[in-house]
Amino acid sequence: MEQCSTPEDSSFQIELNSFSQAQSAAAHAVRYVANSEFNQAVLFFKDGSYLQFEHKGRESRWAKASAERTQADRACLGMSHFRLNALHLQLYFEDGSDVEFTL
């Protein structure tokens with residue numbers, strides 16, 4: 001059996017890419033539900049937290065996490081905006097990533 005060894009060249013490094021905010025939200029989400037008008041929705045996470053969404057025109061458009069310091073809260077704080085319609089719930093994050101959830 002061969003042994004792993006450290007390369008002689010000390011400049012050799014493995015760069016670890018961290019998850020994007022969208023990848024993190026997708027990895028922790030467990031269920032997405034929306035009402036029949038697709039103007040309210042809830043995204044549930046593994047830790048029991050959830051994000052509520054409402055989009056009833058310009059006068060009522062918001063997202064709210066169920067509790068602070070949860071997966072839902074982290075996702076909410078990182079979001080720049082969202083899209084909610086009959087096709088999907090799409091979350092856009094400040095790091096430029098996005099993720100889509102469908103029924």
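Every number in this text was worked out from the coordinates using simple rules, so none of it is lab data. Since the structure is predicted, the reported quantities are computational estimates derived from the model, not experimental observations. Positions of Cβ are backbone-derived with ideal geometry, glycine not excepted, and every protein chain shown enters the neighbour counts.
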Taking only the alpha-carbon positions of region 34-78 and ignoring solvent, what does the Debye formula give for the base-10 log of I(q)/I(0) at q = 0.34 Å⁻¹? -1.12
Which net charge results for the neighbourhood of residue 28, defined as the other residues with beta-carbon distances under 11 angstrom from its beta-carbon, given Lys and Arg at +1 and Asp and Glu at -1? +1
Could you work out the Kirkwood radius for region 21-101, taking every pair of different alpha carbons, averaging 1/r and inverting it, reported in Å? 12.4 Å
Scoring only Lys, Arg, Asp and Glu (+1, +1, -1, -1) among other residues with Cβ under 13 Å from the Cβ of residue 74 yields -3
